[in-house]
Structure formats: structure tokens, C-alpha cells
Amino acid sequence: MTSRPPAGRVGLVATCLAFSVVTVAGSTAAAAPGAAPAPPAGVAVGSFRSVRRYDDVAEPVRLRIPAAGVDTRLDRLGLAADGSVDVPVDYAVAGWFRDGPRPGQAGPAVILGHLDSRTGPAVFLEVPGLPPGAEIVVDRADGSTIAFRVTRTERVSKTEFPTDLVYGATLQPSLRLVTCGGSFDQNAGHYRDNVIVYADPTG
């Protein structure tokens, strides 16, 4: 998949974060990861009701990863006009993709963070080195927390970003951390790869 940072972000170094444009029934539209599939042909949208139920949990407000030295508030990220997922404005702060599941709900909650900036390290500098079993804790707006354990980490080319694995619907809660990695393309002004950390709840 192709990185298409929003206009006006030329100065950002870590423009290789996560992006998603979904094509459904011949049309291209930005879609929330984990969204329910469209109803069958001939069924009025107003009459369609999903049989699935989701836990109602509060929004995430803070991310803590002791092994990576991360303790950051979470900004809310939406979609840019071109259908790409927005990226955090502050290099020292991570962001949660608000159109996807919340941590603890069924499906993959996705959190993005920069690796570095033109002036130094950023919030996810140590995230690519997280080993399996490392703990990730998300604090929520109602004072509750949910803990995850890293299951694996992978580095992929931006042109081969695994959209389905990162954003695709799952029956169980999960967490994805996305940042940059690999070599830096001086001409393009960003890293060539993404690093994706996959994690599951500890409970």
C-alpha cells in the first residue's frame, strides 16, 4: 500500500505510518477498520441488524510500555481527506485511530507513533525492539486499564503494508502498534518500511 501523507505535512519525517483505503462493490471509500460487512444485495440498509454485540468500553487516553520507555497520552486520530489515516502532530505523543475498535473491544485497536524527528528521538523510538511477552498497558477515560502482551513484531515495506492483518476484523480484542523502520529515503524524506507490533490481552 502507498503512503500518501496529507497536504501540508512536508516537514514530517515519519510519514510512513498506517494508511487505509478500502474498495467495496466497485467503489473506493475510506472505511473504519473492523467495520461490519455490507448487508447482502437486495436488503435495505435500514432493516439490517448485526447479530454481534460489542463490549462498551471507554476511550483510551494513555499508553504505557515499560520495556520501551513509553508513557504518553493518546491523541485521537481520524482520516485525512485522501482516505489515509492521520498521524500524530506531536512527535512525543502517540495517537489512537478513533474510527477503529477501542482497546478491549472485539477487533484490532490501532495506535500510531513516530520513530524520530529532525531534532531527535520520538515517542516510539524503542518500540521496534519490543520482544514477545513485553507488556503494553492502555489507560481509559473512565479510570480502567487493559494490559496486552506482545506476540510478535514485523517490519514490512510500505508498498506491501498488510492492511488486512492490521485493520481487519477479529473476534477477540487485540492491539496493533505502528511506527516507521528500515532505511531512510533521503529523497522522499521518510522511512521505507513500517514496523508493526501485534499484541493480545493478558486476561
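What are the pairs with Cβ atoms under 9 angstrom where one residue, in the range 74-92, is over 17 Å from Arg62 (Cβ atoms) and the other, located anywhere, is β-branched (Val, Ile, Thr) and not in a loop (DSSP other than H, G, I, E, B)? Sequence gap at least six, or different chains. From residues that are over 17 Å from Arg62 (Cβ atoms), the pairs are Gly78/Val85; Leu79/Val85; Gly83/Val22; Gly83/Thr28; Val85/Val110; Val85/Val178. Going by the structure shown, is Thr170 surrounded by fewer than 18 Cβ atoms within 10 Å (Cβ to Cβ) and not hydrophobic (A, V, I, L, M, F, W, C)? The answer is yes for Thr170. Output the residues belonging to the range 69-100 that are among the aliphatic types (A, V, I, L, M), outside any strand (DSSP E or B) and crowded, with 21+ Cβ neighbours inside 10 Å. Residue satisfying the conditions is Val87 alone.
Within the range 147-165, restricting attention to residues that are surrounded by 21 or more Cβ atoms within 10 Å (Cβ to Cβ) and touching a residue at least 60 places away in the same chain (Cβ under 8 Å), the residue that is nearest to Arg98 (Cα to Cα) is Phe161. Looking only at the range 146-203, residues that are aliphatic (A, V, I, L, M), within 13 Å of Ala109 (Cβ to Cβ) and not in a strand (DSSP E or B) come to 2 in all. Going through (1) within 21 Å of Phe184 (Cβ to Cβ); (2) modelled with pLDDT of 95 or more; (3) over 17 Å from the mean Cα position of the chain (by Cα) one by one, Leu112 falls short only on (3).
If you check Leu130, Leu125, which single one turns out to be more than 22 Å from Pro162 (Cβ to Cβ) and either acidic (Asp, Glu) or out of contact with any Lys or Arg (no Cβ under 7 Å at 6 or more places or on another chain) (or both)?
After ruling out the rest, the residue left standing is Leu125.
All of Phe97, Phe148 fail the test of being within 30 Å of Gln186 (Cα to Cα) and of a type in the set (Phe, Trp, Tyr), apart from Phe97.
The set of residues from the range 101-143 being in a loop (DSSP other than H, G, I, E, B), within 21 Å of Gln172 (Cβ to Cβ) and of a type in the set (A, V, I, L, M, F, W, C) comprises Ala106, Leu130, Ala134. Taken together, Arg102, Arg155 contain a single residue that is within 17 Å of Arg76 (Cα to Cα) and in contact with an Asp or Glu (Cβ under 8 Å, 6 or more places away or on another chain), which is Arg102.
The values are calculated or read from the model by the stated rules, or taken from the named source; none is laboratory data. This structure is a prediction, so every number in the text was calculated from the model and none was measured. As a convention, Cβ positions derive from the backbone with ideal geometry for all residues, glycine included, and neighbour counts pool all protein chains shown.
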